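Here, each number is a calculation from the coordinates, and none is a lab measurement. None of the values given here were measured: they were computed from a predicted structure. Every residue, glycine as well, gets a Cβ built from its backbone with ideal geometry; the counts of neighbours run over all protein chains shown.
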């Protein structure tokens, strides 16, 4: 009996230690100098004074860690690695816990702030601050949950540039944690999105009828209706992606319409181009002070305006956004290389060029007024002037003839 009791106590103590074991977990084990390191600390409390970083020679490396507690005794640590950090192995220490990782160097590194997002049931959006250290890059953005909607699918950065990434959500439709992924080149971030509410349970009504050994169970499942989220801004195109094929040294231009789907005005909007579209597309305006509720406006764009001899593919997005709202249109411009062909005297079949995906109602040219041309008007004016001159000459000649006739009569009388 005593032996069984001791065994039971031993296993209870072992189970308690397993359940409450402190853990330090890195979100990644390979980082670039200048990037933001992220790590979980669970089953314990922690402060910034208990966090340190050592290099391969056990020398202390200066860091400025930040801590976010997202659940009881569950924390996320994050801090920026120095951009001049040497390549090698490093050790993160949190209290008595340790985690190893490697650092390499690159021409570009992306920093994030904060390193974790904790959703607020009283809010409908959140902001991530992204900063580039090094050469220009384009960051691809995606969400693991359809209930979390980043306003941009891609962001392009110039050297040392900082941009804000806004994401929208409906708290009532979220049931679990998720992530937002940021990818540039071969590097990526996974930013935890923490849902702090309780996971909703399916309501059931169970009626049991017991007849001998037969049991009947009826379940009533309550289905929640999810309201459709209206996009504040949108481009008025027939397809989600605009494909524009051009011949060498060809050009294209026209209007692109966009609409404010809200009932209220949206202010301080900016147009931008991602990817390498800036090399081939020119916009008429880059800022817009206001678009009223329900209003439709137009942006005039030029594709290869200078009719340069650039060739290849130019891919990215035309983005219209401010701090609260955003919409984008994917654009792919393909300029074919000029081919030298021998002149053939025989008749050749003429193949029509494929139409551009942006239709007339999406991207159109301003109509020219039909009327009398300038040359015709000038000709009419010259004819009128000549007629006037002839009339004046005719009148002068008649006046002279009448005068001579009167003089002749007077001279006759005198005689």
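Values as computed for the structure displayed
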item: Estimated FRET transfer efficiency when R0 is 41 angstrom, pair residue 337-residue 129 (beta carbons, to 0.05); result: 0.45
item: Computed E for residue 59/residue 104 - FRET, C-beta separation, R0 22 angstrom, nearest 0.05; result: 0.75
item: Cα-projected label distance for residue 194 with residue 263, points at 7 Å along beta-carbon direction, nm; result: 3.8
item: Residue order, fewest to most beta carbons within 10 Å, for 397, 97; result: 397, 97
item: Whole-angstrom Cα spans of segment 256-337 along principal axes, big to small; result: 47, 19, 16
item: Chain lengthening between residue 386 and residue 72 when straightened (0.36 nm per residue, less Cα-Cα); result: 103.1 nm
item: Cubic angstrom per residue, convex hull over Cα atoms of segment 118-187; result: 87
item: Difference of contour (0.36 nm per residue) and Cα-Cα distance, residue 278 to residue 84; result: 66.7 nm
item: Whole-Å semi-axes of the ellipsoid equivalent to segment 23-172 (Cα gyration tensor, √5λ, descending); result: 27, 22, 11
item: Pair residue 310, residue 113: separation of 7 Å Cα→Cβ label points (nm); result: 3.4
item: Taking the C-alpha atoms of segment 25-105, convex hull volume expressed per residue in Å³; result: 78
item: Length added when fully stretched, residue 181-residue 50, from 0.36 nm per residue minus Cα-Cα; result: 44.3 nm
item: Share of pairwise Cα separations in segment 60-121, more than 17 Å, in percent; result: 52
item: Compactness index (Cα Rg / 2.2 N^0.38 Å), segment 78-155; result: 1.39
item: Percentage, to the nearest whole number, of Cα pairs in segment 291-332 over 11 Å apart; result: 78
item: Virtual spin-label span in nm between residue 93 and residue 290, 7 Å along Cα→Cβ; result: 6.0
item: Mean-position separation - Cα centroids, segment 240-310 and segment 158-187, in angstrom; result: 25
